[in-house]
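First comes the structure, then the notes that go with it.
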Amino acid sequence: MSTTPTISITPAALRRTAGRRLLVWSASFLSIPAAGYLATFVVGRTDNLGSAVVGGALLGAIMGFVQALLSSGRLPRIRWTVATVVGAGIGVGAGAAAVGYGTTLADIAMGGLVTGIIVGIAQALALPTGARVRWSWAVLTAALWPLAWVVTTLAGIKVGEQFVVFGSSGAIVYTVLAGLALQFIVPDSVPARAAR
């Protein structure tokens, strides 16, 4: 008679695993300023619709790919990357245009809100099929983009130079809070690989 061994997962082991996943995901914050520098090099200031859309799409390509890569298999790489390219391209363009390419704190926050709404909707559509409360990702992203811009502005970054995306300080806040939400919205039981 043979017995099948049982595997028991303790709450402490689950917390360690969740902590490791969050740590790995949090490294994706580096993609945001890196993409911002590249976009600035390619398009310059986001002072017109063309530069905002192209800069946003470049941002989305890098950020989306790195997020999917560091999501511990929770996000479908191709769908997530494409959704982030589309969302950030349209979102940065719409957000910057909505505030007349202004850079006051109010402008930055409102532009971030518009961008966050569009990126959030695009990314929510790209989440794996079994994701919990999918649309909470859109709501969270809509809140995190203006928050990240405000943090960046208050950290003394010269946002008057019309950057495509918030700086490292805002990127850390955005990435950690999004990573915490991702662990709830896309549980371990949802295979992203099946939804490429």
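Figures for the structure shown
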read-out: Lone unmet requirement of (1) surrounded by 17 or more Cβ atoms within 10 Å (Cβ to Cβ); (2) at pLDDT below 90; (3) not in a loop (DSSP other than H, G, I, E, B) for residue 190; value: (3)
read-out: Qualifying position, being modelled with pLDDT of 95 or more, crowded, with 24+ Cβ neighbours inside 10 Å and not aliphatic (A, V, I, L, M), among 50, 100, 93; value: 93
read-out: From 82, 66, residue being part of a helix (DSSP H, G or I) and surrounded by fewer than 20 Cβ atoms within 10 Å (Cβ to Cβ); value: 82
read-out: Of all residues in the range 148-169 being in contact (Cβ under 8 Å) with a residue 60 or more places away in the chain and small (Gly, Ala, Ser), the one that is farthest from residue 97 (Cα to Cα); value: 168
read-out: The range 43-55 residues that are in a loop (DSSP other than H, G, I, E, B), paired with ones that are charged (D, E, K, R) (beta carbon under 9 Å, 6 or more apart); value: 45/161
read-out: Pairs, first touching a residue at least 12 places away in the same chain (Cβ under 8 Å) and under 23 Å from residue 168 (Cβ atoms) in the range 118-147, second part of a helix (DSSP H, G or I) and of a type in the set (Ser, Thr, Tyr), C-beta under 6 Å, six or more apart; value: 119/141; 120/141; 144/174; 145/115
read-out: Count of residues meeting criterion [of a type outside the set (S, T, N, Q), outside any loop (DSSP other than H, G, I, E, B) and within 17 Å of the chain's Cα centre (by Cα)] in the range 153-176; value: 6
read-out: In the range 109-152, residue surrounded by the fewest Cβ atoms within 10 Å (Cβ to Cβ) [restricted to those that are part of a helix (DSSP H, G or I) and among the polar types (S, T, N, Q)]; value: 136
read-out: Residues satisfying the stated conditions in the range 138-176, i.e. among the aromatic types (Phe, Trp, Tyr) and under 19 Å from residue 61 (Cα atoms); value: 145, 163, 166, 174
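Residues checked against (1) modelled with pLDDT of 95 or more; (2) of a type in the set (Phe, Trp, Tyr):
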residue: 143; (1), (2): yes, no
residue: 159; (1), (2): no, no
residue: 184; (1), (2): no, yes
residue: 196; (1), (2): no, no
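The values are calculated or read from the model by the stated rules, or taken from the named source; none is laboratory data. A quick note: this is a predicted structure, and the numbers were derived from the prediction, not measured. Here the Cβ is made from the backbone with ideal geometry for all residues, glycine too, and neighbour counts use every protein chain on show.
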